[in-house]
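The values are calculated or read from the model by the stated rules, or taken from the named source; none is laboratory data. These numbers come from a predicted model, not from an experiment. Using ideal geometry, Cβ is built from the backbone for each residue, glycine included, and neighbour counts are taken over all protein chains shown.
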Amino acid sequence: MPPVLDARSLRKSFGAITAVADVSFTVDPGELVGLLGPNGAGKSTTVGMIAGIVAPDAGEVRINGQALQGDTDPAKAAIGLVPQDLALFDELPARENLRFFGSLYGLTGAKLDATIASGLEFVGLADRAADKVKTFSGGMKRRLNLAAGLLHDPQLVLLDEPTVGIDPQSRNAIFDNLEALRSRGKSIVYTTHYMEEAERLCDRIVIVDHGKVIANDTVRGLYGLLPASRRLSVELRGEAQADKGLADATRALPAVASAEIADGVLTVALDDLAAGAPGVLSLLQQRGIAYDHVVSERGDLETVFLALTGRTLRD
Amino acid sequence: MGFQAWRAMVRKDLLLFFTDRRAVIMSFAAPIAIASFFGFIFSGSQNTEKARVPIRVVDQDGSVISKAIVQGLSADKTLEVSGGTVEESREAVRRGKTTVAIVVPAGFGDAAGQAFFGGAAKPQLELLYDPSHGTELAMVRGILTEHVMQAVSAEMFGGDQGRRLTQQSLEQLKSPGAMADGDRRALAEMLGAVNRWYERDQASPAPGASPALRGGLAMPYAVHEEAITVRTGVPYNGFAHSFAGMGVQFLLFACIDLGIGMLLERQQGLWKRLRAAPLSRGLLLAGKGTSGALIALMSLGATFAFGMAVFRIRIEGSGIAFVAVCVATAVMASSFGLLIAALGKTPQATRGVAILAVLLMVMLGGAWVPSFVFPAWLQKVTLVVPARWAVDGLDATTWRGASLVATLPTIGVLLAFASLFGALAVARFRWEE
């Protein structure tokens, strides 16, 4: 069975600017794949090429094994796009918005009415069906934006930064919607620059930077790319910060991958917290170094991105 | 799916249009209000009394001739005559209260009488005029000529001043002067005959005397004026032109909104959603173009319906031709809207340029004043302006009474403009952002 989406060596330039240099990845049925990268990494252009609204300079997009060809390719009906912009008509009621977008895919009559009703129900806006979109909050608009992309029951849903600028409650509502879609067997591509969202939702994450895929794996697999999976931070007292040999001594301990002191905090990367942390604390005791606060953290996608590119996601 | 989507696009645009109160007012109420105003101003409404031209006459002469001139001007229905001093008159003209002031200098009557037969120097009448009223100046000059000639000739052929001047002239001819002998003899014979006429008139007055001559030189012709319209008895209705002009202007404005609306939709990401559907680009533009044409047609239809109901505008020509011109105009305007969307970058920047383009187009197209008042060269130049064809087509099918066959070239040109704009829009539309 071919993947629902197979993006192969996509490339797109706008004038002298190369937005996407080389992007390839697949999405299997029922899989939620995150497209993670900083702003300007090429995520939206990649989504545009998959949706058939941006023509790639090179490469191809295959939907269920068939190459997407032209504006009128019926295979586009298998794709539901939820753009980053709130692509809605503010002056029309929610129901009329959905009626219009459903009609673009050939839905009519009772089937269209039923689809609209279930779509509004799905995103929790059934009671606001007759209200104009301009009266909605940002979060409600985001949810309606999602519903508009799902009306024609697409097999592949493309979500481009669907949680930008909304409150936590609406964000959680959208997460619930996405999990419900996945449980129905929908394949989802979810672009974001919020690593927490990607970590929480995605089965697999494709990290994009400067228009290229730099990693493509499960969350666990991505953590495996880190030099250490845990981090121990010790906030040192004033006089201890002058101990020049502390960082070197810490690095010499077993299970320690790296250690450095910055802004009065000793940060130690550990492969195994249980094996390494006692040694670090013993060393501090041996050297008579006082400290105020100790925190252990797991590695995150931010750390992964940092390890892969030398930059943070928000640079 | 294509027809379904096309219908949905048209329906959605009409819904959006009718929920936008500003757009509805601009497309329906504004053209009616402004066309009505222009109609009243320019139509020469049959029942409205025409405004008189305000002039002042300063009579410094006080002679029989000058008084007759003032009397003649005062009786003229096209003038509103008042008096005053030279300074008062000059100030009134400067302030725009008076269009022309005529100063009749002292001695004008005598000098004009002497100059009447060509011998003496011509006296001057001073005309003080408002330079912003050139047309009225020409009119006043013509009326003044008529009344001066009438007053001077009447006096010269029958009045006391005329007799005195004739005898004075006869005396002057007895002494040799600049005039050649032959001319002097001929003039003396003519003045002698005039003098004998005076004596005869005095001996047996009234019965048989020529009233025309007693009244002075009159216009030697009468004019029968007939406005040539579609049929005898069908008066010209100037509202027909003003409603055509304003109808075209505001449907073009409506189509600016179409173009700007498309740019706004692009800015809001709506075109991404439209393009993601399995629909052709041609269909997407056709949907927009159709809704734009329908809105334009409704605007034009409502404007003319009001004009027909209230100002009795009638389609004196072919009704089918009128509808065809309206449809062709609406299609042309709609494709112009698509072109705006294709060439524009941001809605804000595009709106100003588009409004300027439409204003130029309707001005040169004769929507404000009929194109036949333009200089000949400009009339030729404006043939490249689509609004000119639209206004002319509507004029032709309403008060000029043109047939369908006679209107076909106009309809063809409008559709050609629509095709040109549409092709350019398709070629230049930015599908990728």
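The table below lists the values:
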| quantity | calculated |
| --- | --- |
| Residue match in region B:215-225 (condition: in a loop (DSSP other than H, G, I, E, B) and modelled with pLDDT of 80 or more) | no |
| When residues of region A:17-48 are limited to those that are within 15 Å of A:Val82 (Cβ to Cβ) and among the polar types (S, T, N, Q), the one surrounded by the fewest Cβ atoms within 10 Å (Cβ to Cβ) | A:Ser44 |
| Residue check for A:Asp160: touching a residue at least 24 places away in the same chain (Cβ under 8 Å), acidic (Asp, Glu) and under 26 Å from A:Pro38 (Cα atoms) | yes |
| Lone unmet requirement of (1) at pLDDT below 95; (2) more than 10 Å from chain B (Cβ to nearest Cβ); (3) crowded, with 20+ Cβ neighbours inside 10 Å for A:Leu107 | (2) |
| Options B:Ala212, B:Ala193; residue that is assigned to a helix (DSSP H, G or I) and modelled with pLDDT of 75 or more | B:Ala193 |
| Flag if B:Leu258 is within 14 Å of another protein chain (Cβ to nearest Cβ) and touching a helix residue (DSSP H, G or I) at 6+ places or on another chain (Cβ under 6 Å) | no |
| Residue within region A:164-184 that is under 23 Å from B:Arg275 (Cα atoms), surrounded by fewer than 22 Cβ atoms within 10 Å (Cβ to Cβ) and within 12 Å of the chain's Cα centre (by Cα) present | yes |
| Condition check for A:Glu260: part of a helix (DSSP H, G or I) and at negative phi | no |
| Residue match in region A:237-251 (condition: charged (D, E, K, R), in contact with a Lys or Arg (Cβ under 7 Å, 6 or more places away or on another chain), in contact (Cβ under 8 Å) with a residue 12 or more places away in the chain and not in a strand (DSSP E or B)) | yes |
| Residue match in region B:65-81 (condition: touching a helix residue (DSSP H, G or I) at 6+ places or on another chain (Cβ under 6 Å) and either among the aromatic types (Phe, Trp, Tyr) or within 14 Å of another protein chain (Cβ to nearest Cβ) (or both)) | no |
| Complete set of residues in region B:379-395 that are at pLDDT 90 or above and under 17 Å from the mean Cα position of the chain (by Cα) | B:Arg388, B:Val391, B:Asp392, B:Asp395 |
| Every residue from region A:46-63 that is within 10 Å of chain B (Cβ to nearest Cβ) and either touching a Ser or Thr at 6+ places or on another chain (Cβ under 9 Å) or more than 20 Å from A:Pro154 (Cα to Cα) (or both) | A:Val47, A:Val54, A:Ala55 |
| Residue list for region A:116-147, filter: within 14 Å of chain B (Cβ to nearest Cβ) and more than 23 Å from the chain's Cα centre (by Cα) | A:Ile116, A:Ala130, A:Asp131, A:Lys132, A:Val133, A:Lys134, A:Thr135 |
| Per-region count, region B:375-418, residues in contact (Cβ under 8 Å) with a residue 40 or more places away in the chain, touching a helix residue (DSSP H, G or I) at 6+ places or on another chain (Cβ under 7 Å) and not in a helix (DSSP H, G or I) | 4 |
| Count of region A:86-101 residues which are among the small types (Gly, Ala, Ser) and either at the interface with chain B (Cβ under 9 Å from one of its Cβ atoms) or not in a helix (DSSP H, G or I) (or both) | 1 |
| Unmet criterion (only one of (1) surrounded by 23 or more Cβ atoms within 10 Å (Cβ to Cβ); (2) under 19 Å from the mean Cα position of the chain (by Cα); (3) assigned to a helix (DSSP H, G or I)) for B:Phe372 | (1) |
| Which listed residue, of A:Phe89, A:Phe14, is surrounded by fewer than 20 Cβ atoms within 10 Å (Cβ to Cβ) and either touching a residue at least 40 places away in the same chain (Cβ under 8 Å) or more than 22 Å from the chain's Cα centre (by Cα) (or both) | A:Phe14 |
| Residues (over 25 Å from B:Ser27 (Cα atoms) and either among the hydrophobic types (A, V, I, L, M, F, W, C) or out of contact with any Lys or Arg (no Cβ under 9 Å at 6 or more places or on another chain) (or both)) located in region B:271-301 | B:Trp271, B:Arg273, B:Leu274, B:Ala276, B:Ala277, B:Leu279, B:Ser280, B:Gly282, B:Leu283 |
| Residues within region B:305-329 that are within 18 Å of B:Ile25 (Cα to Cα) and buried (at least 23 other Cβ atoms within 10 Å of the Cβ), tallied | 1 |
| Residue match in region A:19-35 (condition: within 14 Å of chain B (Cβ to nearest Cβ) and not basic (Lys, Arg)) | yes |
| All positions within region A:265-300 that are outside any strand (DSSP E or B), within 26 Å of A:Gly224 (Cβ to Cβ) and not hydrophobic (A, V, I, L, M, F, W, C) | A:Asp271, A:Asp272, A:Gly276, A:Pro278, A:Gly279, A:Gly299, A:Asp300 |
| Within region A:72-85, considering residues that are within 7 Å of chain B (Cβ to nearest Cβ) and among the aliphatic types (A, V, I, L, M), the one surrounded by the fewest Cβ atoms within 10 Å (Cβ to Cβ) | A:Ala77 |
| Complete set of residues in region A:17-52 that are within 13 Å of the chain's Cα centre (by Cα), part of a strand (DSSP E or B) and not hydrophobic (A, V, I, L, M, F, W, C) | A:Gly34 |
| Pair list, Cβ < 8 Å and 6+ apart or interchain, from region B:1-29 residues that are within 7 Å of chain A (Cβ to nearest Cβ) to residues that are surrounded by fewer than 18 Cβ atoms within 10 Å (Cβ to Cβ) | B:Gln4/A:Thr108; B:Leu16/A:Glu91; B:Thr19/A:Glu91; B:Asp20/A:Glu91 |
| Failed item, numbered, when A:Gln69 is tested on (1) assigned to a loop (DSSP other than H, G, I, E, B); (2) more than 21 Å from the chain's Cα centre (by Cα); (3) surrounded by 17 or more Cβ atoms within 10 Å (Cβ to Cβ) | (3) |
